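The values are calculated or read from the model by the stated rules, or taken from the named source; none is laboratory data. Quick caveat, the model's predicted, so the values are computed rather than measured. For neighbour counting, all protein chains shown are included, and Cβ atoms are generated from backbone atoms with ideal geometry for every residue, glycine included.
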Amino acid sequence: MRIPFISMFMTSPFEGLLEHAKKVKECAWAFQQAIECHITDQCRTFEEFRAEVDKLESEADAVKRRIRGHLPKGTLLPVDKFELFRYLHEQDKVLDAVEEALDWISFRSEPGIPAALHKDFFLLVDAILDPVEEMCKMVSEARKYFKNFSEKQRRLVKDRIHVLHQQEHEADKVEDAIKEKVMNMGTDAVTVFHMIRLAETIGSIADHAENAGDMMRAMLAK
C-alpha cells in the first residue's frame, strides 16, 4: 500500500501559524477596545487593554518560538522553510504595529485625539480589523490546502488573499482621509505630527496583513 506523501510530514507548521494568527486577531480586538476607551477618556481601562495586548503578544511570541524550534534540519515541509519563516515574521509584524500604535498614543496622552477626529479614528480602527480577521481566515484555509493540495482549496485561499487586498485598500483610503483632514485643521504642529504618525502606524497594521497575504500567495505558487 502506498503511503501518501503528505503523511511523511510531522505536525504541520500551519497548525502553529493558525494558532499565532488567532493571537494576532485577539490583539487586534483588544487594540480596538483600547482605542475606544482612550477616545472616551477612560484611561484606566486603556492601560488594562494595553496590558492585555502585551500579554497576548508574549503568548504569540511563545507560539512563534515553538514553530521555529520544531522545524529541525531535514524536516519534510510542504513549503520552503525560509518562506515559512518570512511569512511568520510578517504576520508577527501585525502585532508589532499594534504595540507601536498604543505606545505612540501613550507618549502624548494629553490632550489625546482631538474630538474632531474621533469618528475618523474609529473608522480607521474598524477598517484595519477586517484584513487582520481575513488573514486569520486565509491561514485556516491554507492549513487545509497544505494537507490535501486540492485545487479547489487552493482557489479558496487565493480568494481570501484577494479580499484581504481589497480590505487593505479600503483602510488606506480611511488613513489618507485622516491625514488630509489633519493637515487642514489649523491646529498646532505637534498635534499634526502626532495624529499623522498615529494614522500611519494604525494603517500599517493592515499593510502587514496584506504583506502576509502576498507571501502566502508565493507559497501557493510553489
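So which residues in segment 145-166 are more than 16 Å from ARG217 (Cβ to Cβ) and assigned to a helix (DSSP H, G or I), if there are any at all? Once the filter is applied, which keeps residues that are more than 16 Å from ARG217 (Cβ to Cβ) and assigned to a helix (DSSP H, G or I), segment 145-166 yields LYS147, ASN148, LYS152. Tell me, which residue of segment 104-139 that is of a type in the set (Asp, Glu) and at pLDDT 95 or above is surrounded by the fewest Cβ atoms within 10 Å (Cβ to Cβ)? Ranking the candidates gives ASP126 first.
Does ALA212 qualify as being touching a residue at least 24 places away in the same chain (Cβ under 8 Å) and either among the polar types (S, T, N, Q) or closer than 20 Å to ASP103 by Cα (or both)?
Working: touching a residue at least 24 places away in the same chain (Cβ under 8 Å): yes; either among the polar types (S, T, N, Q) or closer than 20 Å to ASP103 by Cα (or both): no.
Spelling it out, it is not the case that ALA212 is touching a residue at least 24 places away in the same chain (Cβ under 8 Å) and either among the polar types (S, T, N, Q) or closer than 20 Å to ASP103 by Cα (or both).
Filtering segment 79-106 to residues that are of a type in the set (Lys, Arg), more than 16 Å from THR201 (Cα to Cα) and touching a residue at least 60 places away in the same chain (Cβ under 8 Å) leaves only ARG86. Pairs are defined by a Cβ separation below 8 Å, a sequence spacing of at least 6 or placement on different chains, a first member in segment 167-180 that is assigned to a helix (DSSP H, G or I), and a second member that is among the aromatic types (Phe, Trp, Tyr); the pairs so defined are ILE178/PHE121. Identify the single condition in (1) modelled with pLDDT of 90 or more; (2) out of contact with any Cys (no Cβ under 6 Å at 6 or more places or on another chain) that ILE3 does not satisfy, given that it satisfies every other one. ILE3 satisfies all of (1) modelled with pLDDT of 90 or more; (2) out of contact with any Cys (no Cβ under 6 Å at 6 or more places or on another chain) except (1). Quick check on segment 94-102. Is at least one of its residues among the small types (Gly, Ala, Ser), in a helix (DSSP H, G or I) and touching a helix residue (DSSP H, G or I) at 6+ places or on another chain (Cβ under 7 Å)? Yes, the conditions are met somewhere in segment 94-102.
Condition (residue is in contact with a Pro (Cβ under 8 Å, 6 or more places away or on another chain), among the small types (Gly, Ala, Ser) and assigned to a helix (DSSP H, G or I)) applied to segment 119-129: is it met by at least one residue?
As a first pass, look at segment 119-129 and keep what is in contact with a Pro (Cβ under 8 Å, 6 or more places away or on another chain): none.
No, segment 119-129 has no match at all.
Looking at this structure, is THR191 assigned to a helix (DSSP H, G or I) and among the polar types (S, T, N, Q)? Yes, satisfied. Scan segment 75-88 and give yes if some residue there is part of a helix (DSSP H, G or I), in contact with a Lys or Arg (Cβ under 9 Å, 6 or more places away or on another chain), of a type outside the set (D, E, K, R) and closer than 22 Å to HIS165 by Cβ, otherwise no. Looking through segment 75-88, at least one residue is part of a helix (DSSP H, G or I), in contact with a Lys or Arg (Cβ under 9 Å, 6 or more places away or on another chain), of a type outside the set (D, E, K, R) and closer than 22 Å to HIS165 by Cβ.
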